[in-house]
1. Report, by chain and number, residues whose modeled amide H sits under 5 Å from the one on Lys310, excluding near sequence neighbours (fewer than 5 apart, same chain).
2. At a 1.4 Å probe radius, which order do Trp105, Trp97 fall into by accessible area, largest first?
3. Per residue, what accessible area does region 326-411 have, given a 1.4 Å probe and all protein chains present, in Å²?
4. Can you give me the accessible area per residue for region 69-174, using a 1.4 Å probe, in Å²?
5. Using θ = phi - 60° and the Karplus relation 6.51 cos²θ - 1.76 cosθ + 1.60, list the HN-Hα couplings for region 45-55 in order, rounded to whole Hz, with x at every Gly or Pro.
6. From Cα pairs below 8 angstrom and at least 6 apart in sequence, can you work out the relative contact order of region 365-452, rounded to a whole percent?
7. Using only protein heavy atoms and a 1.4 Å probe, report how much of His175 is accessible, in Å² to the nearest 10.
8. In region 446-513, what percent of the accessible surface is made up of carbon and sulfur (1.4 Å probe, ligands and nucleic acids excluded)?
Amino acid sequence: MVDLESEVPPLPPRYRFRDLLLGDQGWQNDDRVQVEFYMNENTFKERLKLFFIKNQRSSLRIRLFNFSLKLLSCLLYIIRVLLENPSQGNEWSHIFWVNRSLPLWGLQVSVALISLFETILLGYLSYKGNIWEQILRIPFILEIINAVPFIISIFWPSLRNLFVPVFLNCWLAKHALENMINDLHRAIQRTQSAMFNQVLILISTLLCLIFTCICGIQHLERIGKKLNLFDSLYFCIVTFSTVGFGDVTPETWSSKLFVVAMICVALVVLPIQFEQLAYLWMERQKSGGNYSRHRAQTEKHVVLCVSSLKIDLLMDFLNEFYAHPRLQDYYVVILCPTEMDVQVRRVLQIPMWSQRVIYLQGSALKDQDLLRAKMDDAEACFILSSRCEVDRTSSDHQTILRAWAVKDFAPNCPLYVQILKPENKFHIKFADHVVCEEEFKYAMLALNCICPATSTLITLLVHTSRGQEGQQSPEQWQKMYGRCSGNEVYHIVLEESTFFAEYEGKSFTYASFHAHKKFGVCLIGVRREDNKNILLNPGPRYIMNATDICFYINITKEENSAFKNQDQQKKSNVSRSFYHGPSRLPVHSIIASMGTVAIDLQDTSCRSTSGPTLSLPTEGSREIRRPSIAPVLEVADTSSIQTCDLLSDQSEDETTPDEEVSSNLEYAKGYPPYSPYIGSSPTFCHLLHEKVPFCCLRLDKSCQHNYYEDAKAYGFKNKLIIVAAETAGNGLYNFIVPLRAYYRPKKELNPIVLLLDNPPDMHFLDAICWFPMVYYMVGSIDNLDDLLRCGVTFAANMVVVDKESTMSAEEDYMADAKTIVNVQTLFRLFSSLSIITELTHPANMRFMQFRAKDCYSLALSKLEKKEREKGSNLAFMFRLPFAAGRVFSISMLDTLLYQSFVKDYMISITRLLLGLDTTPGSGFLCSMKITEDDLWIRTYARLYQKLCSSTGDVPIGIYRTESQKLTTSESQISISVEEWEDTKDSKEQGHHRSNHRNSTSSDQSDHPLLRRKSMQWARRLSRKGPKHSGKTAEKITQQRLNLYRRSERQELAELVNNRMKHLGLSTAGYDEMNDHQSTLSYILINPSPDTRLELNDVVYLIRPDPLAYLPNSEPSRKNSICNTTGQDSREETQL
């Protein structure tokens, strides 16, 4: 070992490690040559070029020195002029010779030598082979003119007093200033705006022109008027400003020629500078400039990042953002990569927005543009996706990159992100608030099938309104609906609240009922101080703490409310009562004025539950004692709470023999074993013990497991829910989950049929094959055969989802054209079908269930225009399809993201209401219907008490349906015009007490104003002709019209029946004459306590979590599929 080491010499230090890596064994014979790179930079010329030109900092110092030198030469010229005594005479020698003192000459010679040396050196360093290019440059020529004469005077003393136009150095100073600014930008790595550079160049050009003119005229007038510098300045200003007083004028022809030359130069140079400045100004207007750093540090602002800015999106954001009083001083900076739209530009010029909204054209992916928007100082950043794009996945990818870029540039800036597809949501989990459009859309569509008009309920809750809409309308339902639409969700700490402070230590249901009874507010949820989870209606066992945050529904927040005792308002309440009839809204509930609400305190004394206030008037035919309502206990009593044990089977004995077959098919309760995307919240659902084969999911195709080929053959007990969509996106999974949630009664589960234009992929089928009674079919709503096969004739609801391929159109509002026409066809063919439609643009809701000659719809259109003129954010709310929950636009939920800036809990509450999130102990949204057996309760307050004391449910609103058509057909009306005139007053008085809104279904309306005008017109006609002939003609016309209507309906019915027979389907389920078009429906959110209940009212409830009452529920909820089976408690509340 020692011998081997002695034989092998050590490797040279330079190559040792490298040769070991390369395995080079022949290092002794290595003939490698060491190469030194960039040797040309070691030459003297390259070193000088690196110092004077290439190096930014040293070059900047040289430019600054050169600029100072030129200014010094101009200053020396002014000193020479001031020190010189004007000589007498008009000899031309005064033009060529001047008096220059020896010290001044020495300074000027020194400056000239340095300047000439620097010019020659820079010319040598920048020489590129063409000597004439360097010599004929204007700066070089000016330098030679100003420096060479002084250098010659050194060797020729007689030329020391020779006139040299040193004032021309001002142009060299301007050139040095431009170069200096360029080097400054390179040195500090920060580019100033081109506008600043151009303005600086323009100012320096103008100063050089004036200075040259001043010095030239003063020197040329040495043989004339002997003008001094001030007189020359005065003349130049007067001349260039085109004033021309004429008191100072040049006398010599040389000075006059010089003035002409300078004016020509100014006419050529200045317009070019102004043109460039104007161009940059226009470009600056397009790009938006910058948001100043001083304003960002002194004022608060938020940034809105969008791909393309449309006027509807802008107005929705501004109206909702500035609806909150504390945001009035905020600035909104819009960062958009596209040029400003004409409509957007017109809106932003309105003084209300021009002072608070700043538009910047730029990209969120560029740090320079984020710096322009001062993103690091912003209070929040809203990033919105472009939903009108054909490729929505690509739009989400752009949103994700914008969110990453903003988070990288400004880590502390809160992010509010809107995403379209749920599978992309996990990429932006770091954002403070995220709204996934498809999640919310499908969840709302699903709940619309169970709780009618859930989409309208959520939309009204997330819009800011003061409840003033519709208050000038003669229609009673519009007043109530518009008034209750002003309710929103607010929060307050219990110990700081006047509403809830007295309920500390009491149960949640006790606090909710008594707060509604006393103040008219609806307590819906709480959150512990040490817990981030919000609990909706945690139930009667939840005890309120002083530090709890209470969430309640009211017209306004408590901070904007003033409290008055009821006995102080008795007289005013009597004189200000606007509501009459059984469904009146009293004044004691809420009175809004200038943003402050006066709430009258009710009598808090205990009332007997069997007293006269709770009993119905005695009737002679009925002497049965009516049931009483138990009081709501301060602390929950387990024996008095009717808990809904959904994991135990308490109703198996109630099954009838007909249901024994269906009861054999048991469902399990558990968590779905497969989710189609990352980030979906696990929900306890009804599931099958074994997944269904994919072939059995196809509704219209038989397989080896079943032989059914249409929906009728399956023999479903409940009506279908059909979803018409283009593709089976992952968001469609959120439509199925709420309809199969564990708290839905098993007997009431509706079969779900997905009518898809394109076949679904295997991942989606893997997710839905565990749910019971879920099928799909490839087809389109354009095809009547596909609709009949999927069971549209006996469907409870038809959900039409807006197709992604039609969301983009040349004309924006035409994106919904195909959907609207298809839904109108369904509306005409299947009038009894409840159709729920999603549209891209809310403005297109007026075309849903369109009737060209419906006077009532025309009156609602005029009301919408009036509300829009008043600045309402909910001008479309009175459209009958929207009020009834049959149509909605996902863009209406954009305000949910905007409200989260002020109410950071709104997204969480909305997700809990829609069932997108499930928190242990938090309740869920459901509904109950008021039947004839429930009318003994009479008022909403008594219903509130009954629910809180029995099941612990908290009601939050009412969905009311009223008749819109006369109960008697117009063909049976035989009242004359004169009789109508006699009974007009009595009918108008009775009209206010009627609960039915009457109108014809096509071209005649019972709107009071329109009907009065039509009857007056008929009266005039009756006076002109014979009475009996007029009646006969009117009757014949009405009969013809009814015949026309019947023939159109029969024609449509015959078409449907023929197609069903052709397909081999039974026609028993098709009811062509059942018409639900004669009703109107609307929502009353948090109505007043003494609002009368009406038959068929649907009450929205927040029901406590049934699993919260089960001691051993936690282990069972952790299983993916629960093996224990059981039946559900009934959905309706037994009153």
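The values are calculated or read from the model by the stated rules, or taken from the named source; none is laboratory data. Note that the structure is a prediction, hence the values are computed from the model and not measured. For neighbour counting, all protein chains shown are included, and Cβ atoms are generated from backbone atoms with ideal geometry for every residue, glycine included. Heads up: the accessible areas ignore ligands, DNA and RNA and are worked out on the full protein's heavy atoms, side chains in. Shrake-Rupley method; radii C 1.70, N 1.55, O 1.52, S 1.80 Å.
1. Under 5 Å from the amide H of Lys310 lies no amide H from a residue far enough along the sequence or on another chain.
2. Final ranking, largest accessible area leading: Trp97, Trp105.
3. Accessible surface, normalised per residue, equals 46 Å².
4. Ligands and nucleic acids excluded, the figure is 56 Å² per residue.
5. Using θ = phi - 60°, the values come out as 5, 5, 5, 5, 5, 5, 7, 8, 10, 6, 6 Hz.
6. Averaging sequence separation for qualifying contacts and normalising by length gives 27 percent for region 365-452.
7. Using a 1.4 Å probe on the heavy atoms, I get roughly 70 Å².
8. Percent of accessible area from carbon and sulfur atoms in region 446-513: 42.
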